[in-house]
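The values are calculated or read from the model by the stated rules, or taken from the named source; none is laboratory data. Given the structure is predicted, the values throughout are model-derived calculations rather than measurements. Don't worry about glycine lacking a Cβ; one is built from the backbone with ideal geometry, like all the others, and counts go over all protein chains shown. The area values use the complete protein model at the heavy-atom level, side chains included, leaving out ligands, DNA and RNA. Shrake-Rupley method; radii C 1.70, N 1.55, O 1.52, S 1.80 Å.
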Amino acid sequence: MKKWKLLPGMAVKGVISNGTVYYPYLISGIFSAFTYFVFSSILRNDLMKTLPKSGYAWMLLMIGKSLLAIILLFFLIYTNSFLVKRRKKELGLYSILGLEKKHIAAMMFLETVILYTLVMAGGIISGVVLSKLLFLLLLKLSNLPVDVEFVFTVDAFKETIYYFAVVFLVNFIGQLWEIQKSRPVELLSGSKKGEKEPKLLPLWAVIGVVVLSMGYHIAIHSKVDEMIFTNFFLAVFLVIIGTYLLFTSGSVAFLKLLRRNKKIYYRPANFVTISGMYYRMKKNAASLANICIFSTMVIITLVCTVSLYLGEDEVTHYNYPYDMTANFEKDSLNRDQMEEKLWELSSKYGLKAERIDLFELTTLSCSKTENSFGLAHQGYFRDDHTTNIMMLEYYSELTGEKEELGDQEVLIFSSGMDFGYDSIEYMGIQRDIKKEVKELFPYPRADKNTFGMEYVIIVRDEEERDEFVRAWAEINGVEDMESFLDGGIQKAGIVLTGDGNKQAFVDEFAIWCQAQPGYTAYRDGLDARAEIRAMDGGLLFIGMVFGLVFFMCLIIIMYYKQIAEGYEDQGSFDIMQKVGMSDREIKSTIHRQILLVFGLPLAGALLHTFAGMFMVDSLMAAIQFFNTKLMIRCTIGVSVVFILIYAISYMTTAKTYYRIVKRV
């Protein structure tokens, strides 16, 4: 009975006396709870379902929260393993002094309850304080109304409490398993017990190189097609597996080769360093692989976030170059009447119609094989191509260029890669291509454009246009040929400049268009851009939060690695001093070992980032982000900043290592 009474005090003392390992765990737990509570609070808030265009942000946050739950679960389990390893010697001593395993289990349960309570209190309180601020940040990034009231819901509190109760229960069960399977003597030496050296090192090292190379190959050579997302996950999986194999086997195999080279190994400076690294690689390769992977995640996440933030206007205007477009039946709208109305609205709203376009075209869907357009088959991922048949007079009005076309000649424009042929076959019609047009507003062009790629075929006159349209109709089995030939559209588009109320201008012009004969549809470019910004805002918010989460995971892993090695090396460095090594030589050895060990994950992360950016560039093209130069600049900038922060974090955590080794 007396033993049971001692347990609460021992639990509290155990947490306090082991603050070096428990405090970082508490900080990471509080940050995890705070992050999860913020996501849950925003998602559970009914306001997110009522704000205009907030559906995109809500959907992305829901996906982000699911991923966050998985990441935090494995991260907290991983960090908990450091606590168990560090406490084994202490728990073994308790066993020798008379505590049974059931008493130790009860004490550890009380410790878990204490930690859980502190984490929940810290995470939820900080969440309550900062959730509204982060919610307003989300609204700002998404260009949603910010003059709204954020209301907390009970469900968000419950979800956070239940989720972390499960996480801490899993960790407690893991601790029990470690204690139950170990004897007191094993517990006493458990904190110094390392992982066994992998068998068949050369084989696993070669496999690691092959797997990593396969992942790099997929990442570098993948294109934006129906396999892009499958290739992305496959490349990530292969790179992660290859990284673990190389750090756990390849690095050890390399160090063993160095040890066999007597000229290198038996030099005083190299002997201690190689031996120390060999010892660490055997026992801490998993930590180094995790540091490498989380570093890669931090860099790539921040590169995507910064690139999207800086290039958002380019993306929105690429998708919607006009502030508004309206469609009419052919020859329905009079240009003079339209311009008169626009000048009236310009005076009313203090805006200028910088561009006023009115043109006709016929839009048809076709399959494409080399330079031949044929019957559409409506495949996945836009196997079919949109072709717009436009007369030369409208091309001249749009571009201001005067071109002449002879018999059997056309111009062609591609919004993606160059068409690249001297002739074209369109539904059996043969034409020579006089010139391939490189720029044509309102059709933005990008070589990497795959999803929304269009072709504009500029023909000489109305007669030739009807020839192309008739050929398409015959192949596609159109029966009412006369109605189909009259089915082209007249498109009106405007671009506004100035500081006036553009939305009011567009709304009033849309009402005027709807009242005109032959009106069929209109598209509000301002509103469509706002929807893209809302979606991108959700991505930016998730990118910022996940960047912080990954960086927090990275710092905690680095810290615990230093702590674990520090306690393990206390005795070793005592012996080294006794056999004659000076304090300066010992400090130099420590510095070289730590620097090399932490330099390897950083080098691996930068290499992963370089290979991964090829695929990221393709994935960004799926949302019409085509500015590769901007992404390269962002990659360089983020990498430099990350290296600086990584170095500062390394030096900060290394101080703890020195302090433990010196027992100060």
Consider LYS348 carefully, then state whether it is open to solvent by less than 70 Å² (accessible area, probe 1.4 Å) and assigned to a helix (DSSP H, G or I).
no
Filter the stretch 45-60 for residues that are of a type in the set (A, V, I, L, M, F, W, C) and either in a helix (DSSP H, G or I) or at pLDDT 75 or above (or both) and give the result.
LEU47, MET48, ALA57, TRP58, MET59, LEU60
LEU375 fails exactly one of the following numbered conditions: (1) under 30 Å from LYS629 (Cβ atoms); (2) touching a helix residue (DSSP H, G or I) at 6+ places or on another chain (Cβ under 6 Å). What is the number of that condition?
(1)
In the stretch 465-507, anything surrounded by 16 or more Cβ atoms within 10 Å (Cβ to Cβ), charged (D, E, K, R) and in contact (Cβ under 8 Å) with a residue 60 or more places away in the chain is listed as ARG465, LYS491, LYS502
Just to be sure I understand, how many residues within the stretch 432-464 are open to solvent by less than 50 Å² (accessible area, probe 1.4 Å) and among the polar types (S, T, N, Q)?
1
Residues satisfying the stated conditions in the stretch 463-473, i.e. over 21 Å from GLU393 (Cβ atoms) and either touching a helix residue (DSSP H, G or I) at 6+ places or on another chain (Cβ under 8 Å) or in a loop (DSSP other than H, G, I, E, B) (or both):
ALA473
Conditions (1) at pLDDT 85 or above; (2) open to solvent by less than 40 Å² (accessible area, probe 1.4 Å): number failed by ASP384:
(1)
Looking at the stretch 470-513, which of its residues are among the basic types (Lys, Arg) and touching a strand residue (DSSP E or B) at 6+ places or on another chain (Cβ under 7 Å)?
LYS491, LYS502
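Does LYS341 qualify as being surrounded by fewer than 19 Cβ atoms within 10 Å (Cβ to Cβ) and under 26 Å from ASP507 (Cα atoms)? Walk me through it before giving the result.
Numbers: surrounded by fewer than 19 Cβ atoms within 10 Å (Cβ to Cβ): yes; under 26 Å from ASP507 (Cα atoms): yes.
Against the criterion (surrounded by fewer than 19 Cβ atoms within 10 Å (Cβ to Cβ) and under 26 Å from ASP507 (Cα atoms)), LYS341 qualifies.
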Residue by residue through the stretch 309-325, note down the ones that are in a helix (DSSP H, G or I) and open to solvent by 10 Å² or more (accessible area, probe 1.4 Å).
TYR309, LEU310, GLU312, ASP313, GLU314, HIS317, TYR318, ASN319
Residue by residue through the stretch 431-444, note down the ones that are touching a strand residue (DSSP E or B) at 6+ places or on another chain (Cβ under 7 Å) and of a type in the set (D, E, K, R).
ARG431, ASP432, LYS434, LYS435, GLU436
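Let's see how each residue does on (1) without any contact (Cβ under 8 Å) to a residue 60 or more places away in the chain; (2) exposed (fewer than 14 other Cβ atoms within 10 Å of the Cβ); (3) among the charged types (D, E, K, R):
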| site | (1), (2), (3) |
| --- | --- |
| VAL616 | no, no, no |
| MET620 | no, no, no |
| GLN624 | no, no, no |
| LYS629 | yes, yes, yes |
| CYS634 | no, no, no |
| VAL640 | yes, yes, no |
| LEU644 | yes, yes, no |
| ILE648 | yes, yes, no |
| MET651 | yes, yes, no |
In the stretch 326-338, residues that are open to solvent by less than 10 Å² (accessible area, probe 1.4 Å) and outside any helix (DSSP H, G or I) total 2
Within the stretch 489-501, is even one residue in a helix (DSSP H, G or I) and under 17 Å from HIS317 (Cα atoms)?
no
For residues that are among the small types (Gly, Ala, Ser) and loosely packed, with under 15 Cβ neighbours inside 10 Å, scanning just the stretch 397-425, find the one that is modelled with the highest pLDDT.
SER423
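Being within 30 Å of ASP536 (Cβ to Cβ), open to solvent by less than 50 Å² (accessible area, probe 1.4 Å), modelled with pLDDT of 70 or more and not basic (Lys, Arg) narrows it down to one residue among ILE42, ILE63, ILE70; which is it? Show your work before the answer.
On the way: ILE63 fails: open to solvent by less than 50 Å² (accessible area, probe 1.4 Å); ILE70 fails: open to solvent by less than 50 Å² (accessible area, probe 1.4 Å).
Step by step, each of ILE42, ILE63, ILE70 is checked, and only ILE42 is within 30 Å of ASP536 (Cβ to Cβ), open to solvent by less than 50 Å² (accessible area, probe 1.4 Å), modelled with pLDDT of 70 or more and not basic (Lys, Arg).
More than 16 Å from PHE31 (Cα to Cα) and out of contact with any Gly (no Cβ under 6 Å at 6 or more places or on another chain): is that true of GLY537 in this structure?
Details: more than 16 Å from PHE31 (Cα to Cα): yes; out of contact with any Gly (no Cβ under 6 Å at 6 or more places or on another chain): yes.
Yes.
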Here are some residues: ALA528, ALA521. Which one is in a strand (DSSP E or B) and in contact (Cβ under 8 Å) with a residue 60 or more places away in the chain?
ALA521
